[in-house]
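Engineer: Sharing a structure, written as structure tokens. Questions coming.
The values are calculated or read from the model by the stated rules, or taken from the named source; none is laboratory data. These numbers were taken from a predicted model, which means no experiment stands behind them. Using ideal geometry, Cβ is built from the backbone for each residue, glycine included, and neighbour counts are taken over all protein chains shown. All accessible areas refer to the heavy atoms of the entire protein, side chains included, with ligands and DNA or RNA removed. Shrake-Rupley method; radii C 1.70, N 1.55, O 1.52, S 1.80 Å.
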Amino acid sequence: MATYTHGHHESVLRSHRWRTVENSAAYLRDAFVAGAEVLDVGCGPGTITAEIATLVAPGRVVGMDTSPDVLVTARAQVVPEAAGNLDFVVGDATALDFAHGSFDVVHAHQVLQHVSDPVAVLREMGRVCRPGGVVGARDSDYAGMTWYPQLPGLSEWLELYCTLARQNGGEPDAGRRLLGWANAAGLTDVTATASVWCFADPESRAWWGGLWTDRVVDSAFATQAVSRGLATTADLERLAAAWQTWAGHPDGWFVVPHGEIVARVARYEFDPTASHH
């Protein structure tokens, strides 16, 4: 597994808790039908997972993450009506601890950009998806992010983030690669789409700019950047100031593009030479 660039600082979880099916998994919404069994790979604090559980009830939903600590937060997010059909487990996306064809829907949001072998993860997601089911993944594309005003500090932030993410073994421009990764994983009947987050009103600017102001000085991103000599504390404070300037600008506009793939699983081809779990 790659090193997780963001870590689980409060400013990171603040972003993750904002995510919903509508703003982060709308491309897969039609698959979340009553009775469907769903695996949410890399579920984080579980807001999307809990919402999926309400949509597919009484179908079983499993949220999986590598971090036991973040799953404590996830369990606290479970809404009462979802509690009976939702469980959270610690696991490894490259070696899912489920039998072949265990789920109708296997979903991953903002996960593949953080793993060292996204093709292996997609292959595993396909393995545990039953015939007739779907594998869905959505990831942002950092090089495609765009904003106004064109503040030099934000350009410096983007360059630093991408350098650090790649040193950690991830791929920050995952969105544009999802289709290629899905094809390499042997998934078939793949549909590729795209959607964006747009932060352009005072409330969303304050929220998005505020969480990145905190992340660049307090999260794992900050400690990793400094410890590896990629930035100084003064550099990070300058980037945080740029985020504050952007958030407070009446013309501020920021777009985060995302690639999406949906693969419809016709059958599972068992390979006796491969390692399966």
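Engineer: Taking the stretch 77-88 as the search range and keeping residues that are outside any helix (DSSP H, G or I) and open to solvent by less than 60 Å² (accessible area, probe 1.4 Å), which one is modelled with the lowest pLDDT? Spell out how you get there, then give the answer.
Structural biologist: Here is the first cut: in the stretch 77-88, the ones outside any helix (DSSP H, G or I) are 78-79, 86-88.
So of that shortlist, the ones also open to solvent by less than 60 Å² (accessible area, probe 1.4 Å) come out as 78-79, 86, 88.
Details: 78: 74, 79: 68, 86: 95, 88: 95.
Per the stated criteria, the residue is 79.
Engineer: So, residue 35, is that one surrounded by fewer than 20 Cβ atoms within 10 Å (Cβ to Cβ), on the phi > 0 side of the Ramachandran plot and touching a Gly at 6+ places or on another chain (Cβ under 9 Å) or not?
Structural biologist: It is true that residue 35 is surrounded by fewer than 20 Cβ atoms within 10 Å (Cβ to Cβ), on the phi > 0 side of the Ramachandran plot and touching a Gly at 6+ places or on another chain (Cβ under 9 Å).
Engineer: Give the residues of the stretch 98-117 that are farther than 19 Å from residue 161 by Cα and in contact with a Leu (Cβ under 8 Å, 6 or more places away or on another chain), sorted by residue number.
Structural biologist: 98, 102, 103, 105, 106, 107
Engineer: Considering only the stretch 223-236, how many residues are of a type outside the set (Asp, Glu), assigned to a helix (DSSP H, G or I), open to solvent by 30 Å² or more (accessible area, probe 1.4 Å) and modelled with pLDDT of 95 or more?
Structural biologist: Filtering the stretch 223-236 down to residues of a type outside the set (Asp, Glu) leaves 223-234, 236.
With assigned to a helix (DSSP H, G or I) added as a condition, the list becomes 223-227, 233-234, 236.
Add one more test, that the residue is open to solvent by 30 Å² or more (accessible area, probe 1.4 Å), and what stays is 223, 226-227, 233-234.
Retained after the next criterion (residues that are modelled with pLDDT of 95 or more): 226-227, 233-234.
Of the residues in the stretch 223-236, 4 are of a type outside the set (Asp, Glu), assigned to a helix (DSSP H, G or I), open to solvent by 30 Å² or more (accessible area, probe 1.4 Å) and modelled with pLDDT of 95 or more.
Engineer: Pairs, please: C-beta under 7 Å, at least 6 apart or cross-chain, first residue closer than 15 Å to residue 207 by Cβ and touching a residue at least 40 places away in the same chain (Cβ under 8 Å) and in the stretch 234-259, second of a type in the set (Ser, Thr, Tyr) and surrounded by 17 or more Cβ atoms within 10 Å (Cβ to Cβ)?
Structural biologist: The qualifying pairs are 243/213; 256/140.
Engineer: Failed condition for residue 54, given (1) more than 22 Å from residue 191 (Cβ to Cβ); (2) touching a Ser or Thr at 6+ places or on another chain (Cβ under 9 Å), with all others met?
Structural biologist: (2)
Engineer: Further question: Can you confirm whether residue 180 is more than 19 Å from the chain's Cα centre (by Cα) and either open to solvent by 20 Å² or more (accessible area, probe 1.4 Å) or under 22 Å from residue 16 (Cβ atoms) (or both)?
Structural biologist: Details: more than 19 Å from the chain's Cα centre (by Cα): no; either open to solvent by 20 Å² or more (accessible area, probe 1.4 Å) or under 22 Å from residue 16 (Cβ atoms) (or both): yes.
Here the answer is no, as residue 180 does not meet what is asked.
One line per residue, one yes/no per condition, for (1) free of Cβ contacts under 8 Å to residues at least 60 places away in the same chain; (2) open to solvent by 60 Å² or more (accessible area, probe 1.4 Å); (3) within 21 Å of residue 95 (Cα to Cα); (4) touching a Cys at 6+ places or on another chain (Cβ under 9 Å):
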| site | (1), (2), (3), (4) |
| --- | --- |
| 134 | no, no, yes, no |
| 150 | yes, yes, no, no |
| 160 | no, no, no, no |
| 186 | no, no, yes, no |
| 196 | no, yes, no, no |
| 218 | no, yes, no, no |
| 221 | no, no, no, no |
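Engineer: Residue 239 fails exactly one of the following numbered conditions: (1) in a helix (DSSP H, G or I); (2) open to solvent by 40 Å² or more (accessible area, probe 1.4 Å). What is the number of that condition?
Structural biologist: Tallying (1) in a helix (DSSP H, G or I); (2) open to solvent by 40 Å² or more (accessible area, probe 1.4 Å), residue 239 fails exactly one: (2).
Engineer: Working carefully through the options 34, 74, 25, 50, find the one that is modelled with pLDDT of 95 or more and touching a strand residue (DSSP E or B) at 6+ places or on another chain (Cβ under 8 Å). Lay out the reasoning, then the answer.
Structural biologist: Values: 34 fails: touching a strand residue (DSSP E or B) at 6+ places or on another chain (Cβ under 8 Å); 74 fails: modelled with pLDDT of 95 or more; 50 fails: modelled with pLDDT of 95 or more.
When all the criteria are applied, what remains is 25.
Engineer: Something else about it: Testing residue 23 on (1) farther than 19 Å from residue 133 by Cβ; (2) open to solvent by 30 Å² or more (accessible area, probe 1.4 Å); (3) of a type outside the set (Ser, Thr, Tyr); (4) not in a helix (DSSP H, G or I), one condition comes back false. Which one is that?
Structural biologist: Every listed condition holds for residue 23 apart from (4).
Engineer: Let me ask you something else. Give the residues of the stretch 53-71 that are in a helix (DSSP H, G or I), at pLDDT below 95 and open to solvent by 10 Å² or more (accessible area, probe 1.4 Å), sorted by residue number.
Structural biologist: Correct list: 54, 68, 69.
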